[in-house]
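Notes to accompany the following structure.
The values are calculated or read from the model by the stated rules, or taken from the named source; none is laboratory data. The structure displayed is predicted, hence computed values, not measured ones. Using ideal geometry, Cβ is built from the backbone for each residue, glycine included, and neighbour counts are taken over all protein chains shown. Surface areas here come from the heavy atoms of the whole protein model, side chains and all, with no ligands, DNA or RNA. Shrake-Rupley method; radii C 1.70, N 1.55, O 1.52, S 1.80 Å.
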Amino acid sequence: MQDQSVLSLIGNTPLVKVAHLDTGLCELYLKLESHNPGGSIKDRVALSMIAAAEREGKLKPGGTIVEATAGNTGLGLALVASQKGYRLVLVVPDKMSREKILHLQALGAEVVLTRSDVGKGHPEYYQDLAARIAKETPDAYYIDQFNNPANPLAHEIGTGPEIWEQMRHELDAVVVGVGSSGTLTGLTRFFSREAPQVEIVLADPVGSVLADHVETGRHGEAGSWLIEGIGEDFIPPQTDFSLVKRAYRISDQESFDSARLLLSREGILAGSSSGALLAAALRYCRAQTEPKRVVTLVCDSGNKYLSKMYNDDWLVDNGLVELPRLGDLTDLIVRRHADGSTVSCHPDEPLNVVYQRMRLHDVSQLPVLADDKVAGILDEWDLLLSVHGEPENFRQNVRSAMTSEVRTLSPRASLQDLLHIFNDGHVALMVDGERYLGLITQADLLAFWRRQPRSRSV
């Protein structure tokens, strides 16, 4: 029988057993919510909330949906809204991955970026801003996943029963995370009724307040974290912690490492929240003294994070990969030539090829290297001067356009020397003798300073 709509493919996702990771005495199963058509578990929630709004008369044909989302709820809403013909306005914190934003826009959603460093009550806090936009927009419905009962309902009548049947009613624990709390609360309601012996285990990013609340009933101020989709600086109104028996605090590093391990060992490309859930599940499994059957979720696909947690340069920029430290200016080079991570060009390459390389790597200049020695530098201004409105000039080689008089620095130069080069409008090409080491941009220096726990010199 053929499915009538892409929306009919939401739910009934597969369950696979972990085969190549150390799960102690336990069997660990992964429910692949990444197989939903929108790529995440939030497809379930989006369809449930929009269908409920239609039934209740809150959303009429041609209406506008407004929502605040820091993760995949926006993508689920964009998928459903595009199929049902609704306008969608999403208020998104600026830490959301570029792939997600591009995906939202490709589905026709209107994206309003706002600050991710402000809390409730601030006019630019994403939830407060979304509520204000909905109030000021005619025929708009603020879907408000944090307070919408159709959110946990999607998991109470969908995800929970699916897990229970797929595990043939033999299940000891489920590991979940909390964003809006729909997954936790929906599963808690289902298992409280059908199998109250099932433990719920919370995976919470370091910096979030939820683990503190589970353990002590209290919490202080939230910190910050890079994991997307789970963790909160407040207790979501619909949260039901009644079946949560323990909580694990998962760092960004452990989350990303676990997700990358899942890909290399099990062949499953998962996002950062899935990495956190897997890390907590593995900790739980390895701590058990008797065999248990445990389920956790692959909440979304890692293809939305290729420019972030699967990008080694991004990990370095965010202090999650520590390059060897030499105590000189080499420490500021993120893309080191000796590691093969330099993006460069050769004097004899055509400008068209090099221009495409610059676009691919999102850089505005490239060192020109011949036999690992600096022959010059090529930037966007050099290209503009060379092409000058004549497309056939892209066939010229780099040598004809590059700047051969370049400023180089030794690793043993001072920070003041580096700042002088920046002040003159240049990037710093680092060389040891004649051997090229890498380049340092102003952004590299800023990122280096941001990673330092306190002021230090190089």
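Observations
- Computed extension length for ASP328-VAL353: 5.6 nm, one decimal, from 0.36 nm per residue of separation with the Cα-Cα distance subtracted.
- Three-way shape label, the stretch 295-420, alpha-carbon gyration tensor, a/c 1.5: oblate
- Burial order of peptide ranges 32-39, 15-22, 305-312, 171-178 (average beta-carbon count within 10 Å, highest first): 171-178, 32-39, 305-312, 15-22
- In order along the stretch 4-10, the phi-based Karplus estimate (6.51 cos²θ - 1.76 cosθ + 1.60, θ = phi - 60°) of 3J(HN,Hα) comes to 7, 8, 4, 5, 6, 8, 6 Hz; Gly and Pro are listed as x.
- Virtual spin-label span in nm between HIS388 and GLU136, 7 Å along Cα→Cβ: 4.8 nm
- FRET efficiency, 1/(1 + (r/R0)^6) with R0 22 Å, evaluated for SER307 and ARG336 via beta carbons: 0.65
- 5 angstrom amide H check on GLY177, placed H, neighbours 5+ away: ALA203
- Cβ-based net charge around VAL374, under 13 Å, with every Lys or Arg adding one and every Asp or Glu removing one: -2
- Taking label positions 7 Å along the Cα-Cβ direction at both ASP372 and GLN396, the computed distance is 3.2 nm, reported to one decimal.
- Cysteines (scope the chain) whose Cβ has no counterpart Cys Cβ under 4.7 Å: CYS299, CYS345
- For the stretch 287-328, the square roots of the Cα gyration tensor eigenvalues, ordered a ≥ b ≥ c, give a/c of at least 1.5 with a/b no greater than b/c, which places it in the oblate category.
- In sequence order, the stretch 278-283 has phi-based couplings of 5, 4, 5, 5, 5, 4 Hz under the Karplus curve 6.51 cos²θ - 1.76 cosθ + 1.60, θ = phi - 60°, and Gly or Pro positions carry x.
- Fraction of beta bridges assigned by DSSP in the chain that are antiparallel (%, nearest 5): 35 percent
- Taking Lys and Arg as +1 and Asp and Glu as -1, the other residues whose beta-carbon sits under 13 Å from that of TYR355 total -2.
- Reducing the stretch 263-342 and the stretch 2-71 to their Cα centroids gives an inter-centroid distance of 24 Å.
- For the chain, the longest principal axis of the C-alpha atoms and the axis of helix 442-451 are separated by about 50°.
- Fully extending the segment from ARG412 to ASP240, taken as 0.36 nm per residue of separation minus the present Cα-Cα distance, adds 56.1 nm.
- Residue-by-residue Karplus 3J(HN,Hα) for the stretch 292-307, coefficients 6.51, -1.76, 1.60, Hz, glycine and proline x: 9, 10, 10, 10, 9, 10, 8, 5, 7, 7, x, 5, 8, 10, 5, 8
- Total charge dipole magnitude, the stretch 304-449, about the Cα centre, Cβ charges on Lys, Arg, Asp, Glu only, Debye to nearest 20: 240 debye
- Extension gain for ASN12-LEU113 works out to 33.1 nm (0.36 nm per residue, less the C-alpha to C-alpha distance).
- Of the solvent-accessible surface of the chain, computed with a 1.4 Å probe over protein heavy atoms with every protein chain present, carbon and sulfur atoms account for 48 percent.
- Of (i) 74, 56, 48; (ii) 65, 47, 42; (iii) 65, 55, 45, the label for Cα extents along the principal axes in Å derived from the coordinates: (i)
- Once the Cα atoms are used to define both axes, helix 182-194 deviates from the longest principal axis of the chain by about 30 degrees.
- Net +/- balance of residues flanking VAL214 in space, Cβ distance below 13 Å, scoring K and R +1, D and E -1: -2
- For ILE268, distant residues with modelled amide H under 5 Å away: LEU263
- FRET efficiency for ASP22 and GLU170, using Cβ-Cβ distance with R0 set to 25 Å, rounded to 0.05: 0.70
- Estimated from the Cβ-Cβ distance and a Förster radius of 35 angstrom, the FRET efficiency linking ASP362 and ASN147 is about 0.35.
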